[in-house]
Amino acid sequence: MTGRLSSPPSLDRVGGKALHCPPGSWLGVIGGGQLGRMFCMAAQAMGYRVCVLDPAPDGPAGSVADRQIVAAYDDAQALDALAALCAAVTTEFENVPAQSLARLAARCIVRPAPSAVSIAQDRIAEKAFLRSCGVPVGAYATIAGAAESAEVARELFPAICKTARMGYDGKGQVAVTAAKDLPQAWRALGSVPCVVEQRIDLRRELSVVLARGHDGAVAVFAVHENEHRNGILAVSIAPARIPPETAERARGIAVQVAQGLQYTGVLCVELFERMDGTLLVNEIAPRPHNSGHATIDACIDSQFDQQVRSLAGLPLGDPTAMRPSVMCNLLGDVWFDRDGVSRIPPFDAVLAIPGARLHLYGKTQARPGRKMGHVTVLGASVDEALSRARLVADILGLEAPR
């Protein structure tokens with residue numbers, strides 16, 4: 001463990017747990033990636049000190065945190081040390097062991113609650129929850145064994161078979177054309193519990209990022225329109241190029257999900273818009289989201305500001321967008337030329353574009369497919385931001401935003 005420990009300020013408490021954590025308090029985050037890094041920066045700007053728990057000693061969050069506990073996420077001694085230091089703890093990703101969150105929750109505030117994170121960890125539980133709170137989801141089936149993999153109705157196909165747990169960024173899923181191919185696809189995924197989702201006539205992908213306070217107050221950001229490539233988010237446009245009534249439906253669905261979870265924290269709800277304009281919930285992320293990174297530059301209060309406020313028990317901030325934005329993800333591929341030779345990307349040319357804001361995550365090694373940073377481009381209109389983002393893409397050798 002590194003960093004200097006000092007006594008935290010006095011806290012308002014009920015049952016030994018802080019209700020309100022004033023600036024100067026210690027906040028904790030489990031996970032040392034770029035989301036944790038941006039949380040640290042937002043918390044420190046408000047006067048908080050942050051302790052990160054992560055097994056990697058050189059991760060993006062640990063390099064800016066006030067203190068880091070280098071340990072596994074299920075290390076009981078490390079978890080107890082984090083709870084003893086911090087008034088409240090959050091997580092930057094959803095696959096923290098549930099028992100670790102429960103151990104922390106017995107000693108300090110944990111937001112979002114372990115129960116909400118647990119639902120998002122398992123696609124089968126997630127689908128059941130979404131149906132139970134009345135939001136629209138696509139047709140799907142669940143499979144846990146060989147017999148079930150052979151019994152899924154052929155009307156569901158073509159489909160995508162996804163592992164119930166641990167899948168992200170296109171990993172842990174296989175396209176399945178016909179019912180007869182499902183058993184083989186299921187075995188290829190390791191014969192683990194899976195969901196089989198019917199492919200839909202997709203017009204566009206959308207996401208809604210919101211914050212919900214411990215008092216039930218909700219602040220919703222503009223709807224984002226997303227482009228994925230090879231299963232990884234490539235571009236996010238805000239506000240989405242959709243009719244106002246579609247945006248209101250999307251925001252309403254997201255609030256319904258948050259209320260159903262009795263959620264506290266920042267939540268992202270990912271949606272599909274079908275060709276006929278109907279919306280379906282794809283999945284939820286109980287944390288800040290890649291598609292919401294532009295809020296750092298475009299909004300009065302960012303998704304990370306809201307994460308700090310909701311965790312510390314402060315009033316939520318203002319999610320209003322000051323300007324339209326286009327966010328372009330930077331994968332490690334940008335650090336290599338077409339022949340695979342490493343290079344320094346021409347960021348000087350990127351930063352010469354009006355409205356371009358560069359964010360690099362402090363990762364020491366670039367690898368193809370690894371998220372290394374992002375560029376947010378602002379404009380007076382979505383069209384202007386898109387035009388500028390296309391210049392960024394051309395300079396860096398990215399596929400241009402559509």
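Considering the stretch 106-138 alone, what residues qualify as being over 13 Å from residue 269 (Cβ atoms) and assigned to a helix (DSSP H, G or I)? Before you say what the answer is, go through the steps one by one.
Within the stretch 106-138, the subset over 13 Å from residue 269 (Cβ atoms) is 106-115, 117-118, 121-125, 127-128, 131-132, 134, 138.
Across the stretch 106-138, the qualifying residues are 114, 115, 117, 118, 121, 123, 124, 125, 127, 128, 131, 132.
Identify all residues within the stretch 50-77 that are closer than 22 Å to residue 103 by Cα and either touching a Ser or Thr at 6+ places or on another chain (Cβ under 8 Å) or surrounded by fewer than 23 Cβ atoms within 10 Å (Cβ to Cβ) (or both); write none if there are none.
Selection gives 55, 56, 67, 68, 70, 71, 72, 73, 74, 75, 76, 77.
For the stretch 378-397, which residues satisfy the criterion of being closer than 13 Å to residue 349 by Cβ and either at pLDDT below 95 or part of a loop (DSSP other than H, G, I, E, B) (or both)?
397
Can you tell me which condition residue 69 does not meet? The list is (1) in contact with a strand residue (DSSP E or B) (Cβ under 8 Å, 6 or more places away or on another chain); (2) at pLDDT 95 or above; (3) under 19 Å from residue 308 (Cβ atoms), and all the others hold.
Answer for residue 69: the failing condition is (3).
Quick check on the stretch 237-253. Is at least one of its residues modelled with pLDDT under 95, closer than 26 Å to residue 378 by Cα and of a type in the set (Val, Ile, Thr)?
The initial filter retains those residues of the stretch 237-253 that are modelled with pLDDT under 95, namely none.
No - not one qualifying residue is present in the stretch 237-253.
The values are calculated or read from the model by the stated rules, or taken from the named source; none is laboratory data. Quick caveat, the model's predicted, so the values are computed rather than measured. All Cβ positions, glycine included, derive from the backbone under ideal geometry; neighbour counts span all protein chains shown.
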